[in-house]
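> Got a structure here, written out as structure tokens. Questions coming.
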Amino acid sequence: MKKLFLYSSLLLLLSGCDEIREFKVNYQAPDCIGIYSVHCTDIRIQQAIFKNKKFRQEFIDGQQSATQEFGHDRYQQLLGLLDQKIKHLEDQRPNLFFRLFKGDETYYADVDYGDAIDAEVIRLVHENERRIQANQSVSQPVAETPAPEAVNLTEGDPIKTASVQNDEFVPASHPSYKYPYTFQIIAPTSEEEMDQSIYTVIHTTKGTIHFSAAHLSAWQDGIFKDMKVGDCIYFTTNDLPTEKVGTGPFFESYISEPEHVSCDSI
């Protein structure tokens, strides 16, 4: 009986290891902003791994709705790419010797966060969008409407003071998203921790914009982090951003796939 109790306790301990490690990584992450030591590089890579694992689990939990939208074969392709991304990121971590004995030294090796894998995921998502649009146009032609104008947050658009988050899996792109936004980047993308939550932060001509990491997929986050100064990005959402005093707009719900666009649209 005692052996059974010890075995059960060990299983419970092991099942919580990932959660404990993720908590420790997220706790240390804010101290690593702008620091490129071995330790901080490893922290950033581990964050990316946990984020991809969490999204993979959401993708599995929402298998029925995801399969309806993407089809069985494309769903399996996307799931395989998520597994490939996680394995790739694990291979990018500094080796054990560096992590144990050279944690404070600058890490000079180039880190590949899986941009090629993200690009393939984006290609599959766009391909699926085109397939859905083609099917809709055949079955039910829709009258042409002018493209929505980009919303300029500096021109008095309404901003909600509260938001309701939905933890149910929602695909990254959805044709019903109704509020369009276009921003021009003026500084590299960063990360911030606020109220025990992680945010991806873009710095734009319209101010500093925060995106809840809990509502960004791995490839959406990768698109933001790959943006360069002068790039223009477009996305849509169903919810208006919230505003926190002195910090600017916060998008705390799902957004569509961010797209690079011409800056003439701003």
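The values are calculated or read from the model by the stated rules, or taken from the named source; none is laboratory data. Predicted, not measured: the structure shown is a model, and the values here were computed from it. Counting neighbours? That spans all protein chains shown, and the Cβs are built from the backbone with ideal geometry, glycine included.
> May I ask you to verify whether Ile117 is touching a helix residue (DSSP H, G or I) at 6+ places or on another chain (Cβ under 9 Å), assigned to a helix (DSSP H, G or I) and surrounded by fewer than 16 Cβ atoms within 10 Å (Cβ to Cβ)?
Answer is no for this residue.
> Can you spot a residue in region 95-108 that is of a type in the set (Val, Ile, Thr), surrounded by 18 or more Cβ atoms within 10 Å (Cβ to Cβ) and farther than 21 Å from Phe50 by Cβ?
Scanning region 95-108 turns up no residue that is of a type in the set (Val, Ile, Thr), surrounded by 18 or more Cβ atoms within 10 Å (Cβ to Cβ) and farther than 21 Å from Phe50 by Cβ.
> Related question: All but one of (1) surrounded by fewer than 15 Cβ atoms within 10 Å (Cβ to Cβ); (2) assigned to a loop (DSSP other than H, G, I, E, B); (3) modelled with pLDDT under 85 hold for Phe169; which doesn't?
Condition (1) is where Phe169 drops out.
> Within region 246-266, which residues are in a loop (DSSP other than H, G, I, E, B), farther than 13 Å from Ile209 by Cα and over 14 Å from the mean Cα position of the chain (by Cα)?
Val261, Ser262, Ile266
> Kindly indicate whether Tyr181 is assigned to a strand (DSSP E or B), more than 22 Å from Ile266 (Cβ to Cβ) and touching a residue at least 24 places away in the same chain (Cβ under 8 Å).
Judged against the criteria, Tyr181 is not a match.
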